[in-house]
Amino acid sequence: MPATRPAEPLRPYQRLYVNIDHVATLRQARRGDEPDPVAAALVCEQAGADGITAHLREDRRHVQDDDVARITVTIGTVFNFEMACTAEMLDIAERLRPHQVTLVPERREEITTEGGLDLTRHPAETRAALERLAAAGIRTSLFIDPEPDAVRRSLDLGAAAVELHTGRYAHSSGAPDTLAALARAAEIGAASGLAIHAGHGLTVHNVAPVAGIAAVEELNIGHSIVSRAVFVGLREAVLEIRAAMVAGRAGGS
Ligand code: PXP
């Protein structure tokens, strides 16, 4: 009799949300109307994206108010609205009622979101924001570093999900300790009932090990897809990252 392989842990379907911020970055380089991030969102959906992510920054450096308004009413999948926890953004979220809001830290001088939220600061405001969003029927997620303390604080504050910042992993060329930190934070979060998302700096070359973490149910990927689209087109770029995710999920940790 051939030896039976031990049962693999169940890896549920993993969603791909495409972040279209940098389609808007390209448009804003000329302050014109092309390329249109909403048209890009539709191409991503046709290529199989499960959702669209966009970050309306306080300085409006890429995505504009009109973009998020149009995304909300145009796309056929779901909208993950990334925003800072400010009065202005909370008002916009309540008005638009996207499927999901991911709260992110924001500093004007940063090139991109450099770290996760520091949940030791302003916990009352964060809790109140999460309550307000949930009361508006919006699913809530907090963008955090992959640290057990941040995961526990997210749960305590009332988030439905956490998005684990994969920047350290991506920028260290996938150093094993950074992958282990993601897997551990994902495990702790999932065991306590949080939905686990991940993102930042993921590419076709480094996504597989993160896609292979069983508890990670959603990946948010933007810059590498838009970059690759310059050479192969947006549809192909989405198909490529999806294929890398599927391969990682099949053979993951
Ligand atoms: N998730 C969050 C919370 C982010 O802020 C970003 C960057 O805007 C991403 C995911 C996507 O990162 P990248 O563009 O490097 O794929």
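For the range 128-143, the Karplus equation 6.51 cos²θ - 1.76 cosθ + 1.60, evaluated at θ = phi - 60°, returns couplings of 5, 5, 4, 5, 5, 5, 4, 5, 8, x, 9, 6, 10, 9, 10, 8 Hz by residue, with Gly and Pro reported as x.
For the pair T112 and V230 in one chain, pulling the backbone fully straight at 0.36 nm per residue adds 40.5 nm over the alpha carbon distance. How large, in Å, is the range 39-104 by the Kirkwood hydrodynamic radius built from its alpha-carbon pairs? Across the range 39-104, the inverse of the average 1/r is 12.0 Å. Where in the range 188-213 is the amide nitrogen less than 13 Å from a point lying 7 Å along the Cα-to-Cβ axis of A243? So the set is 204-205. In this structure the amide hydrogen of E82, modeled in the peptide plane, comes within under 5 Å of the amide hydrogens of A54, H55, L56, T102, none closer than 5 places in sequence on its chain. Hey, what D do you get for the range 146-197 in µm²/s if you plug the Kirkwood alpha-carbon radius into Stokes-Einstein at 25 °C and 0.890 mPa s? Diffusion coefficient, whole number: 224 µm²/s. What the chain shows is 47 Å² of accessible area per residue, with the surface traced by a 1.4 Å probe over protein heavy atoms.
Toward the positive end of the charge dipole of the chain, with +1 on the Cβ of Lys and Arg and -1 on the Cβ of Asp and Glu, the farthest Cα among P98, P209, V63 is that of P209.
Charged neighbours of S192, selected by a Cβ distance under 11 Å, balance to -1 (K, R count +1; D, E count -1).
Normalised by 2.2 N^0.38 Å, where N is the number of residues, the alpha-carbon radius of gyration of the chain equals 0.98.
The values are calculated or read from the model by the stated rules, or taken from the named source; none is laboratory data. Please read these numbers as outputs of a predicted model, since none were measured by experiment. When we count neighbours, we look across all protein chains shown, and the Cβ atoms used for this are built from the backbone with ideal geometry, even at glycine. Accessible surface areas use protein heavy atoms only, side chains included; no ligands, DNA or RNA. Shrake-Rupley method; radii C 1.70, N 1.55, O 1.52, S 1.80 Å.
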